[in-house]
Amino acid sequence: MDYIKWSCLVCFQSLEPLPMSGPDFGALGEEAELVEVEPETKQEILENKNVVVQHVHFDGLGRTKDDIIMYEISDVFKAKNLIDVMRKSHEAREKLLRLGIFRQVEVLIDTCQGDDALPNGLDVTFEVTELRRLTGSYNTMVGNNEGSMVLGLKFPNLFGRAEKVTFQFSYGTKETSYGLSFFKPQPGNFERNFSVNLYKVTGQFPWSSLRETDRGISTELNFPIWKTSHTLKWEGVWRELGCLGRTASFSVREESGHSLKSSLSHAMVIDSRNSTILPKRGALLKINQELAGYTGGDVRFLKEDFEFQLNKQLLWDSVFSASLWGGVLVPIGDKPSSIADRFYLGGPTSVRGFSMYSIGPQNEGDYLGGDAYWAGGLHLYTPLPFRPGRGGFGDLFRTHFFLNAGNLCNLNYGDGPRAHLQKLAEYIRWSYGAGIVLRLGNIARLELNYCFPMGVQSGDRICDGVQFGAGIRFL
C-alpha cells in the first residue's frame with residue numbers, strides 16, 4: 001500500500017492488565033506527598049464515526065490548471081467515514097499519478113482547524129511535485145522476436161491540462177522509426193483521449209526479401225464503453241516497397257514501388273486478465289476492423305481479425321491457457337491485395353516449430369503472406385521442478401508444455417464461405433513441445449522451447465528442435 005502521512009490522532013485503550021500485586025507507589029505515610037492526577041483529555045475514535053471532508057488543499061501546483069485537478073479528487077468529498085476517506089484519497093492519488101504530470105504525490109489527512117471547523121471535519125492535503133517542462137528518456141523495447149533502442153523527448157502538461165507532446169526515435173534489429181505525437185485526455189475521464197501522430201518507419205522483412213518505408217499521419221480516439229475499450233483511427237500513409245537484395249523473387253519485385261493508403265479502423269478490447277505478459281486467470285477478446293480506400297488512396301480492402309485467450313489457474317500453481325487467432329482480408333475491386341497488408345504466420349510467437357512467418361504462399365523462398373488465416377494453441381504452465389528460488393527470482397520462470405496449430409492461405413472469393421472453410425482446414429500445420437518461460441516484469445517474456453513441427457508442407461521452413469522467442473504477444 002502506498003505511503004500516506006497521518007497527523008490525526010486516534011487513541012485506542014490498552015488491553016494489557018495491571019500486575020497482580022499492583023503498581024509500586026513507594027511508602028504511603030505522613031511524608032508521602034499526594035499528587036492530584038488530572039484526567040486525560042478524551043479523544044474520539046474517528047474510525048467508526050461519520051466524518052466530513054471540509055477542505056482539500058494542494059501544495060506544489062505550478063502550471064497545472066485547477067479544473068482538471070478537481071475532476072480527479074471530487075470523490076474525496078463524498079467520503080462518509082475515516083476508512084472511506086483513506087480509500088478515496090488513495091484512489092485520487094492514483095488518478096493524479098496516471099495523468100503523467102506529477103513526479104510524486106503524497107497525501108496528508110488532518111483534523112480540520114479554524115472557526116468553521118466541525119467536530120468531525122477533516123482536511124485532505126495533496127503534496128505534489130510536477131514534472132519538468134522537458135524530460136528525456138532512454139530505454140529498450142522488446143517486440144515480437146525483435147528488440148530496439150528508444151530515445152525520447154517529452155513535453156508533459158504542455159497547456160496545464162495533461163496534454164503531452166512526444167518526440168521518439170527508435171532503432172531496432174528490424175525496424176527504425178521516428179515520430180512526433182500530441183496527446184490530449186478528456187478532463188475527468190483519462191481513458192477517453194485523443195492523439196495525433198506524424199511518423200516515418202523503415203522496416204526490413206527478410207522472410208519476404210522486402211524493405212518497406214512508411215511516411216504517414218494518424219489520428220486516434222480512445223474511449224471506454226462499459227467493460228470494453230474502443231479505438232477509432234484514421235491513417236494516411238505513403239508506402240514505399242523495395243527489395244532487400246538482388247536475390248528477391250519476381251513476386252516481390254512486382255510489388256515494389258509506391259502506394260498511398262487511407263484507412264479507417266476500429267478496435268474493441270475486453271481484457272480481464274491479471275497480467276498481459278503471463279496471466280494466471282482471466283480472458284482477452286480483441287476484434288479489429290479496417291476499411292481502406294473510401295477516404296482516398298489507391299489501396300482498397302476490408303480487413304477483419306480477432307484474438308481470443310482464456311486462462312484458468314489449476315492445482316499446484318499450474319495454469320491452463322487456450323488461445324485462438326483468425327483473420328480475413330477482402331480486396332475491393334479488381335486489384336489484388338498488397339504484400340504489405342496480408343497476414344503472416346509461423347515462428348516462436350505463433351505456430352512454434354516453424355521459422356518466422358514461414359508458413360503459406362511463397363515464391364522462390366520469399367514468403368508472400370495470405371488473405372486468410374487461423375491459429376490456435378493449448379498451453380500448460382507449471383512451476384519449475386522442485387521450486388528453486390521460490391518466493392524470489394525462481395517465480396519468474398515457468399515450465400511450458402504446448403500444442404499449436406494453424407493455416408494460412410489465399411482465398412477465391414467467388415467460391416463461397418463453405419469452400420473458404422474447406423481450404424482453411426486443408427494442410428494444417430501443427431506442433432508440440434515443451435520448454436522454459438521467463439517473465440521480464442510486465443515488459444515482455446522469453447521462451448526457450450524444444451519443438452516438434454508436424455504437418456509440414458512443401459515450401460515451409462521449419463525449426464526442428466530448440467527455438468528461442470522473445471516478445472509481448474504470443475499465441
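The values are calculated or read from the model by the stated rules, or taken from the named source; none is laboratory data. No experiment lies behind these values; they were computed from the predicted model shown. Because the Cβ atoms are built from the backbone with ideal geometry, glycine has one as well, and the counts that use them run over all protein chains shown. Areas reflect the complete protein model, heavy atoms only, side chains present, ligands, DNA and RNA absent. Shrake-Rupley method; radii C 1.70, N 1.55, O 1.52, S 1.80 Å.
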Query raised in the report: Taking N as the number of residues in the stretch 154-216, what value does Rg over Cα atoms divided by 2.2 N^0.38 Å take?
Result: 1.47
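To the nearest 20 debye, what charge dipole does the stretch 78-182 have about its Cα centre, counting +1 at the Cβ of each Lys and Arg and -1 at the Cβ of each Asp and Glu? Write out the running numbers ahead of the final one.
Working: 14 positive and 13 negative charges, 88 e Å.
Taking the Cα centre of the stretch 78-182 as origin, the dipole is about 420 debye.
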Report task. Rounded to the nearest 10 degrees, what's the angle between the helix 82-98 long axis and the longest principal axis of the chain, both from Cα atoms, 0 to 90? Result -> 40
**Report entry** Reachable lysines from K80, criterion Cα separation under 30 angstrom, eight or more residues apart if same chain
**Finding:** K5, K42, K49, K65, K88, K95, K227
Query - Approximate shape of the stretch 220-363 as ellipsoid semi-axes (Cα gyration tensor, √5λ), whole Å, largest first - result: 33, 23, 11
Report summary line: Taking only the alpha carbons of the stretch 154-273, the radius of gyration and the largest Cα-Cα distance, Dmax, both in angstrom, are 18.0, 56
Requested in this report: Would you grab the residues whose amide H sits under 5 Å from the one on L475? Only those 5+ places off in sequence or on another chain, please, with H modelled 1.01 Å from N.
Outcome: S350
Query raised in the report: Whole-Hz Karplus ³J(HN,Hα) for the stretch 393-408, in order, using 6.51 cos²θ - 1.76 cosθ + 1.60 and θ = phi - 60°, x for Gly and Pro?
Result: 4, x, 6, 7, 9, 9, 7, 10, 10, 9, 9, 10, 7, x, 7, 9
Requested in this report: Please state the charge dipole magnitude for the stretch 309-388, taken about the Cα centre, from unit charges on C-beta atoms (+1 on K and R, -1 on D and E), reported in debye and rounded to the nearest 20.
Outcome: 400
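Hey, any idea what % of the chain's accessible area is carbon plus sulfur with a 1.4 Å probe? It would help to have the intermediate numbers written out before the result.
Numbers: 15430 of 26760 Å².
The computed percentage sits at 58.
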Report summary line: When the charge dipole of the chain is computed with +1 on Lys and Arg Cβ and -1 on Asp and Glu Cβ about the Cα centre, the Cα farthest towards its positive end, among N288, Q422, H90, belongs to Q422
Report task. Name the residues whose placed amide hydrogens come within less than 5 Å of the amide hydrogen of F58, ignoring near sequence neighbours (fewer than 5 apart) on the same chain. Result -> F126
Query raised in the report: Among F393, Q168, F77, whose Cα lies farthest out toward the positive end of the dipole of the chain, if unit charges sit on the beta carbon of Lys, Arg (+1) and Asp, Glu (-1)?
Result: Q168
Query - Estimated 222 nm signal from helices in the chain, with DSSP H stretches of n ≥ 4 weighted -39500 (n - 2.57), rounded to 500 - result: -2500 deg cm²/dmol
Report task. Write down the radius of gyration of the stretch 299-421 and its Dmax, each obtained from C-alpha positions, in Å. Result -> 18.9, 61
Requested in this report: Hey, can you grab everything whose amide H is under 5 Å from the amide H of F102? Only 5+ residues off in sequence or another chain; H modelled, so Pro and N-termini drop out.
Outcome: L131
Requested in this report: Rank-order 351-357, 125-131 by packing density, defined as the average count of other C-beta atoms within 10 Å over each peptide's residues, highest first.
Outcome: 351-357, 125-131
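Relative to the Cα centre, what is the charge dipole magnitude of the chain, using +1 at the beta carbon of each Lys and Arg, -1 at the beta carbon of each Asp and Glu, and rounding to the nearest 20 debye? It would help to have the intermediate numbers written out before the result.
On the way: 50 positive and 55 negative charges, 536 e Å.
It comes to approximately 2580 debye.
Can you give the convex hull volume per residue for the Cα atoms of the chain, as a whole number of Å³?
Details: hull volume 107.3 nm³, N = 475.
Once divided by residue count, the hull of the chain is 226 Å³.
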**Report entry** For the chain, with +1 on Lys and Arg beta carbons and -1 on Asp and Glu, the positive-most of S263, H379, G435 along the dipole
**Finding:** S263
**Report entry** Virtual spin-label span in nm between W238 and F401, 7 Å along Cα→Cβ
**Finding:** 5.6
Report task. Convert each backbone phi in the stretch 64-71 into a coupling constant with the Karplus relation 6.51 cos²θ - 1.76 cosθ + 1.60 (shift: θ = phi - 60°), then list the ³J(HN,Hα) values in order as whole Hz, x for Gly and Pro. Result -> 6, 7, 5, 5, 5, 5, 4, 4
Query raised in the report: Once phi is turned into ³J(HN,Hα) by the Karplus curve 6.51 cos²θ - 1.76 cosθ + 1.60 with θ = phi - 60°, what whole-Hz value does each residue of the stretch 189-205 show in order, with x for glycine and proline?
Result: 8, 5, 5, 9, 8, 10, 9, 10, 10, 10, 8, 9, 10, 10, x, 10, 10
